[in-house]
Amino acid sequence: MTPQTAFIVLGALSTAILIVAVRTMIDRRQVARRLRLAVGNSQESLAQSRIAEGMTGARTGLERLLRFLGTFMPLGEEDKQKISVGLQRAGFPSSNALVLVVGTKATCLLIGLAGGGLAASTLYPGLMGWGVGLMSGLLVGVACNLVPEMIVTRLAARRVLKIRIALPDALDLLIVCLEAGLTFERALRRTVNDLSAFRPALAHELGQASLNMRIHGLNREEALGEVAKRLDIQALKDLTTTVAQSERQGTPAADALRRLSRSVRVEMVTDMQTKMARLPTLLIIPSMVFLLPGLLVIVGGPAFVRLIEGLSAVGS
């Protein structure tokens, strides 16, 4: 079997899997449409439900396909746990998100393997092309396989940064609510409601902590500790410790939170100043790459032209 035939067979199998998924989606839509016609829905609601079911069916078919491909992805528990933590920090705590990412990694691996192998085997026909195609396809597939995980890591880092920036504002709102006479639980709920308009990421995380305290019966230290552990932000860990100490000792939490808010702002300013101090060093390489060649041409260009003319005159 030639390399071209092998990759054609691989593409045919992938197309067959996609056709089966699409066919399943179409069958589900037809059954749902017959049920709606049987109960006598209006045309407008029928059209709206068709659009909604089409989107749901497409999403379900895609999830099934990615779930099926993800079963062939050789990932250890440690790697899956790392991806799961990244998804939680990025704001995707659902278990389906992990399945979709693993399936996407498998899809990228197959696409890279097929594309790189087909290109190499076309350039190098014969037995050599088979070996070069497999090796190049494997390298391209592994490189493409890393893309979904890099995207998840990037999204998680951006969301964690937004939460760190929003934390002083949340502490100030919490202090105002506590000084107004509210309990910590009610103050936290009010803070979440106010933050949801302009700091949705932090509002979501603090809302989960509030929900754990109200529904699951966790105390303040456990509920806030879960958020701090999941996001790995030192300021949230300090908030958990401050609230826990205030609860155990029976002291007002507003003064301690005010000191914590001031400390967090000072730390943010210090980090910003550190980054600004590193900026001249980081600009050295771009300056050398983009400015130095132009300066060399401007300064050394006339001298080089005169040198060539002088050598030409000597030679003549």
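May I ask you to list the residues in the stretch 245-265 that are open to solvent by 80 Å² or more (accessible area, probe 1.4 Å) and farther than 12 Å from I175 by Cβ? Answer for the stretch 245-265, where residues must be open to solvent by 80 Å² or more (accessible area, probe 1.4 Å) and farther than 12 Å from I175 by Cβ: Q245, E247, R248, Q249, R265.
Would you point out which residue out of A143, A157, A166 is in a helix (DSSP H, G or I) and open to solvent by less than 10 Å² (accessible area, probe 1.4 Å)?
Within the list A143, A157, A166, the selection yields A166.
Looking at the stretch 84-95 only, could you name the residues that are hydrophobic (A, V, I, L, M, F, W, C) and in a helix (DSSP H, G or I)?
Selection gives V85, L87, A90.
Residues that are modelled with pLDDT of 75 or more, open to solvent by less than 40 Å² (accessible area, probe 1.4 Å) and in a helix (DSSP H, G or I) occur in the stretch 72-83; there is at least one. Residues that are under 18 Å from A187 (Cβ atoms) and in a helix (DSSP H, G or I) within the stretch 250-263 comprise A253, A254, D255, A256, L257, R258, R259, L260, S261, listed in sequence order.
When M268, M272, M213 are checked against the criterion of being open to solvent by 70 Å² or more (accessible area, probe 1.4 Å) and part of a helix (DSSP H, G or I), M272 stands alone in meeting it. Checked against (1) open to solvent by less than 50 Å² (accessible area, probe 1.4 Å); (2) more than 23 Å from T270 (Cα to Cα); (3) modelled with pLDDT of 90 or more, F184 meets all criteria but (3).
Before we move on, is I111 touching a helix residue (DSSP H, G or I) at 6+ places or on another chain (Cβ under 9 Å), modelled with pLDDT of 90 or more and among the β-branched types (V, I, T)?
So I111 does not fit the description; no.
Being without any contact (Cβ under 8 Å) to a residue 40 or more places away in the chain, open to solvent by less than 80 Å² (accessible area, probe 1.4 Å) and under 17 Å from P168 (Cβ atoms) is a description that does not apply to L218.
The values are calculated or read from the model by the stated rules, or taken from the named source; none is laboratory data. Everything quoted here is computed from the prediction, not taken from an experiment. Backbone-built Cβ (ideal geometry, glycine too); neighbour counts: all protein chains shown. Keep in mind that these areas ignore ligands, DNA and RNA; they rest on the heavy atoms of the full protein, side chains included. Shrake-Rupley method; radii C 1.70, N 1.55, O 1.52, S 1.80 Å.
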